[in-house]
Amino acid sequence: MELIRIDTQRAYEAIRERITTLELPPGALIDEGKLALDLDVGLVPVREAIKLLVHDHLIEAPPMGLFVAEVKISELRQISEIRLLLECYCAQQAAKFATPDDLVVLEALCREQSQVPADEPRWLFELDHKFHQAIARAAHNKYLADILDDFFGLSQRLWFLALPHLEFLPAAVEKHLELVEAIQARDEGRAETIMRQHIQSFYDKVFEILQNLSF
Amino acid sequence: METKSHKNEALVLGIDTGGTYTDGVLLEYHSRTVLAAQKSLTTKRDFAIGIEKVIEGIRIQDPASIQMVSISTTLATNAIAEGKGKRVALFLIGYDPELVASFQMERHFATPNFYYFAGGHDLFGQEKETLDLAALLEKTNQVKKQVDAIAISSYFSPLNPEHETRAYNAISQVCDLPIVLGHQLSTKLGSVERATTAALNASLLSVLQDFIVAVRRAMEHRGIEAPLMVVRGDGTLMSDEFAARSPVETIHSGPAASAIGGRFLSHKDDALILDVGGTTTDLALIQAGNVTISETGASVSGYKTSVKAANLLSIGLGGDSHISVDRENNIVIGPERVVPLAYLAHQHPEIQIRLKALTQKTWPPPTPTWLEYWFLLRDPGDDLRSFSDREKALIKILKDGPIAIPDLVKQVNALHKNQLGADELIRREIIGKSGLTPTDLLHIDGRHTPWDVKAAEYGLKLLSNHLHWEEPGLTEFIWTLSSEMIAKAIVEFLTEKKVPQSSAHSPDLGLWFFRNSLYAEHPHLSTQIRLQYPIIGIGAPADIMLQDVAKLLHTELILPDHYYVANAVGAIAGSIMVSEEILIYPHLSEAGMDVISYFVQARDGREEFEELDDALNHARKSGHDRVLSAALRSGADNPQVVVEEIADGIDSYRIRLQAVGNPRLSK
């Protein structure tokens with residue numbers, strides 16, 4: 001248990017959370033000293049954490065300075081294209097390989113989602129993440145699961161950008177339920193279609209919002 | 001120290017956090033030379049404070065030259081005893097609720113939140129019932145916001161952990177709490193002990209993690225950059241990462257470290273180790289150079305676990321035990337630990353004057369409760385919102401200084417000290433107690449006099465007035481009583497039998513034999529109890545409190561150099577050990593008549609072989625590599641693997657693998 005690793009992990013999680021929840025908005029300047037003071041850790045772990053976040057594409061390190069990465073529509077299109085392909089493939093594979101245990105997990109997550117109050121967006125967000133992880137696990141390909149989790153991370157900030165426009169959330173929960181039914185029925189085509197609609201509508205919504213915000 | 005800085009010098013730091021004191025030693029590992037020792041009061045509310053003080057107090061010229069820090073701690077034992085562990089939900093898979101209830105085992109689970117689920121295996125490792133995963137997940141959703149960790153134990157999971165693993169996989173996908181699995185902590189088949197062990201481990205996870213991080217920070221402040229080891233209950237060492245994952249293994253690590261330290265310093269391979277601390281005296285036996293291990297698994301606060309630990313007996317008698325008088329005017333020593341009067345008066349000189357006044361008072365004669373003082377151990381600050389009115393009143397009164405019990409009772413309008421309602425304040429170390437202790441008697445004898453001798457004398461005088469007993473005779477009686485209590489503990493520890501309660505006219509032959517052996521009371525028959533090993537005394541009061549014990553049992557008392565910090569020496573003297581137990585048992589046909597193949601069940605995996613020999617060979621080879629690699633990762637130097645094979649019923653085997661090595665001390 002080296003302190004530097006523990007503190008780096010803590011700093012990484014805390015800074016990442018500030019970025020994804022937009023507390024540190026896109027384009028914001030990163031002040032290492034202030035972060036170290038705020039988080040009550042040393043400067044070294046903060047620097048290590050920032051390196052990891054640069055790797056995550058959440059912080060940009062141009063030759064001069066350190067900034068929270070901008071949300072660029074052009075890059076988002078690239079991300080969404082790959083994520084759409086992978087998530088759909090994943091849904092199809094899940095319909096093929098899901099075990100009874102995988103289904104029990106998916107059902108439990110859906111049930112929990114339907115019980116989350118509308119004013120608990122963070123909870124809903126975490127559940128959404130868990131649900132996508134569970135689908136990836138049901139596909140029984142750990143490399144696919146790892147890649148998808150990285151892509152999910154890239155889209156996390158969009159979620160919070162879209163938060164003020166919550167009306168699409170119940171529909172998303174509805175889609176999750178349909179998806180589980182398709183997987184249960186081993187209907188690969190339907191699982192793929194539902195996932196496509198689900199992901200596509202999320203990005204459509206996000207693009208709409210971003211254009212209005214004129215990023 | 002400059003003269004010693006030759007190339008092979010290996011400096012190591014050992015720390016023991018006991019019930020009363022935290023001890024630290026700086027030791028040169030190869031020559032076994034203690035270079036410096038330091039004692040500090042243990043701070044139970046936060047053990048790290050005492051540890052930081054000890055590390056600060058030891059003169060270390062070059063902190064960067066320290067090559068290992070090792071620590072034994074009563075943290076786990078204390079957290080369990082005081083209910084300070086985290087909240088745990090215990091999921092029992094395949095357990096029979098009625099059977100558990102019929103043996104009244106519920107209260108043994110170490111958590112009130114336990115739940116039963118369908119599933120589990122039988123003693124052939126075959127599924128006895130389908131696992132109800134949906135129910136597990138539903139319960140997880142219900143409780144996940146009310147607990148800090150989840151423990152899972154499935155019936156016969158050491159033979160087949162499939163249900164525990166499946167439950168883990170599913171639950172970890174729906175919640176982020178730490179999850180502990182029974183089969184990873186114990187390969188013994190006892191299902192209740194396994195569940196208890198898992199629940200205790202879950203409740204201690206973050207407690208021990210926080211502790212390790214705190215120790216690491218204290219090391220960092222002093223510029224010590226070295227591996228950190230934690231002592232197990234059997235005296236062996238594990239890396240801090242191991243300890244953070246399996247905190248239950250640290251139960252009894254303090255007494256185990258004392259025993260190891262006693263052997264390390266005395267070079268005796270067979271001896272009885274007696275560690276006299278402030279609060280307790282702990283007994284352990286060293287045979288052929290090793291601490292004897294309890295066959296049944298460690299017990300703590302009435303909970304039976306399947307954790308391997310030293311065979312120990314602990315009695316509530318130490319240098320700071322409270323000497324008081326019961327209702328029949330019998331003198332009682334312990335089990336409560338208090339601050340000696342000599343020390344209290346040293347801190348608050350007015351106490352000496354008040355005690356003197358009491359000894360001169362003739363009417364009404366002051367009772368021994370006048371010797372019991374309460375005082376504010378630490379100021380809780382001005383924010384008293386979390387306290388009851390009575391608690392606030394007590395704090396306010398004690399802010400003016402220590403006060404004797406009868407006065408305190410009067411001031412809060414109570415009738416008896418049992419009504420003071422201060423349990424919580426005492427537990428949180430806000431209020432402390434002081435009274436007459438063996439340490440005070442040592443002040444009077446002139447054998448140990450760092451504090452206020454007069455106060456101790458007045459204390460004894462008051463007791464002597466009350467009992468109408470001349471002081472020299474009274475002191476002698478108290479020492480005899482203390483020696484008898486320890487001698488009795490030794491006899492009970494070694495025989496595993498009870499010596500009956502002393503009473504003047506008991507017809508019990510055992511009691512007669514015991515007393516006659518100590519005091520030669522009978523005119524015609526003489527008896528003797530002779531301890532065949534020497535007693536090795538450890539802890540500051542050992543010198544005084546054990547001399548007579550050794551005489552009573554006709555043996556020798558050995559006080560090795562630095563015996564007062566041998567526990568801290570023991571924290572570094574142990575070997576690093578990693579062990580695993582692999583179970584091999586037959587896979588039977590449906591009818592149970594034919595052996596289809598053999599299962600090899602290791603902690604983290606299960607494989608199947610057609611031939612028994614292949615199964616055994618695979619278990620030996622894979623287990624060997626795993627424990628060896630884990631020992632190397634834990635910092636062992638050239639670890640040696642010992643393999644033990646035990647036939648465990650028809651066609652079934654247990655293969656025990658242990659990789660043991662001294663810590664690697666090179667930068």
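Tell me, please, whether a residue that is assigned to a strand (DSSP E or B) and more than 25 Å from residue B:428 (Cβ to Cβ) can be found in region B:40-57.
Within region B:40-57 (the criterion being assigned to a strand (DSSP E or B) and more than 25 Å from residue B:428 (Cβ to Cβ)), the answer is no, since none of the residues qualifies.
Residue by residue through region B:172-192, note down the ones that are open to solvent by less than 10 Å² (accessible area, probe 1.4 Å) and within 14 Å of another protein chain (Cβ to nearest Cβ).
Of everything in region B:172-192, those that are open to solvent by less than 10 Å² (accessible area, probe 1.4 Å) and within 14 Å of another protein chain (Cβ to nearest Cβ) turn out to be B:174, B:175.
Would you confirm whether or not region B:253-262 contains a residue that is assigned by TED's automatic domain parsing to the domain that holds residue B:180 and polar (S, T, N, Q)?
yes
Do we find a residue being surrounded by fewer than 21 Cβ atoms within 10 Å (Cβ to Cβ) and either on the phi > 0 side of the Ramachandran plot or within 14 Å of chain A (Cβ to nearest Cβ) (or both) anywhere in region B:282-292?
yes
Please work out if residue B:484 is surrounded by fewer than 18 Cβ atoms within 10 Å (Cβ to Cβ) and acidic (Asp, Glu).
When the stated conditions are applied, residue B:484 does not pass them.
Let me spell it out: the conditions are (1) of a type outside the set (Val, Ile, Thr); (2) within 14 Å of chain B (Cβ to nearest Cβ); (3) crowded, with 19+ Cβ neighbours inside 10 Å, and residue A:42 meets all of them except one. Which number is the exception?
Result: residue A:42 passes all but (3).
Filter region B:258-277 down to the residues that are farther than 26 Å from residue B:30 by Cβ and open to solvent by less than 10 Å² (accessible area, probe 1.4 Å), then identify the one that is farthest from the chain's Cα centre (by Cα).
In this case the residue turns out to be B:272.
Somewhere in region B:146-158, is a residue touching a Pro at 6+ places or on another chain (Cβ under 6 Å) and open to solvent by less than 10 Å² (accessible area, probe 1.4 Å)? Show your work before the answer.
Kept after step one, since they are touching a Pro at 6+ places or on another chain (Cβ under 6 Å), are these residues of region B:146-158: B:149.
Right, trim to open to solvent by less than 10 Å² (accessible area, probe 1.4 Å) and you get B:149.
Yes, that holds for at least one residue.
Looking for something touching a Leu at 6+ places or on another chain (Cβ under 8 Å), open to solvent by 20 Å² or more (accessible area, probe 1.4 Å) and outside any helix (DSSP H, G or I) - is there at least one such residue anywhere in region B:507-521?
Looking for residues that are touching a Leu at 6+ places or on another chain (Cβ under 8 Å), open to solvent by 20 Å² or more (accessible area, probe 1.4 Å) and outside any helix (DSSP H, G or I), one finds none in region B:507-521, hence no.
Looking at A:44, A:68, can you tell me which residue is more than 30 Å from residue A:212 (Cβ to Cβ) and of a type outside the set (Gly, Ala, Ser)?
A:44
Considering every residue within region B:608-625, establish whether at least one is aliphatic (A, V, I, L, M) and touching a residue at least 40 places away in the same chain (Cβ under 8 Å). Before the answer, list the steps.
Filtering region B:608-625 down to residues aliphatic (A, V, I, L, M) leaves B:612, B:615-616, B:619.
Now restrict to residues that are touching a residue at least 40 places away in the same chain (Cβ under 8 Å): none.
Within region B:608-625, not a single residue is aliphatic (A, V, I, L, M) and touching a residue at least 40 places away in the same chain (Cβ under 8 Å).
Go through (1) farther than 30 Å from residue B:560 by Cα; (2) within 14 Å of another protein chain (Cβ to nearest Cβ); (3) open to solvent by less than 20 Å² (accessible area, probe 1.4 Å); (4) charged (D, E, K, R) one by one and return the number of the condition residue B:240 breaks.
Checking residue B:240 against (1) farther than 30 Å from residue B:560 by Cα; (2) within 14 Å of another protein chain (Cβ to nearest Cβ); (3) open to solvent by less than 20 Å² (accessible area, probe 1.4 Å); (4) charged (D, E, K, R), the one that fails is (1).
Any idea which of B:103, B:109 is crowded, with 16+ Cβ neighbours inside 10 Å, more than 26 Å from residue A:102 (Cα to Cα) and more than 14 Å from chain A (Cβ to nearest Cβ)?
B:109
If I filter region A:19-28 for residues that are over 16 Å from the mean Cα position of the chain (by Cα) and either assigned to a helix (DSSP H, G or I) or modelled with pLDDT under 90 (or both), do I get at least one hit?
no
Which condition number in (1) open to solvent by 60 Å² or more (accessible area, probe 1.4 Å); (2) more than 30 Å from residue B:587 (Cβ to Cβ); (3) touching a residue at least 12 places away in the same chain (Cβ under 8 Å); (4) within 14 Å of chain A (Cβ to nearest Cβ) is the one that residue B:130 fails?
(2)
Of the residues that make up region B:526-533, is at least one within 30 Å of residue B:460 (Cα to Cα) and over 22 Å from the mean Cα position of the chain (by Cα)?
Within region B:526-533, not a single residue is within 30 Å of residue B:460 (Cα to Cα) and over 22 Å from the mean Cα position of the chain (by Cα).
Can you find a residue in region A:114-128 that is more than 14 Å from chain B (Cβ to nearest Cβ) and touching a strand residue (DSSP E or B) at 6+ places or on another chain (Cβ under 6 Å)?
Checked region A:114-128: no residue is more than 14 Å from chain B (Cβ to nearest Cβ) and touching a strand residue (DSSP E or B) at 6+ places or on another chain (Cβ under 6 Å).
Residues that are closer than 30 Å to residue B:540 by Cβ: which strands (runs of 3 or more DSSP E) entirely in region B:556-663 hold 1 or more of them?
By residue number, B:576-588, B:653-663.
Being facing chain A (nearest Cβ under 10 Å) and either hydrophobic (A, V, I, L, M, F, W, C) or open to solvent by less than 10 Å² (accessible area, probe 1.4 Å) (or both) is the filter here, so list the residues in region B:193-237 that pass it.
Matches in region B:193-237: B:212, B:213, B:215, B:219, B:228.
Restrict the check to region A:76-98 and report whether at least one residue is under 30 Å from residue A:32 (Cβ atoms), out of contact with any Phe, Trp or Tyr (no Cβ under 7 Å at 6 or more places or on another chain), surrounded by fewer than 17 Cβ atoms within 10 Å (Cβ to Cβ) and away from chain B (no Cβ under 14 Å).
For region A:76-98, residues under 30 Å from residue A:32 (Cβ atoms), out of contact with any Phe, Trp or Tyr (no Cβ under 7 Å at 6 or more places or on another chain), surrounded by fewer than 17 Cβ atoms within 10 Å (Cβ to Cβ) and away from chain B (no Cβ under 14 Å): present.
The values are calculated or read from the model by the stated rules, or taken from the named source; none is laboratory data. Please read these numbers as outputs of a predicted model, since none were measured by experiment. All Cβ positions, even for glycine, are placed from backbone atoms using ideal geometry, and neighbour counts span all protein chains on display. With ligands, DNA and RNA removed, areas are computed over all heavy atoms of the protein, side chains included. Shrake-Rupley method; radii C 1.70, N 1.55, O 1.52, S 1.80 Å.
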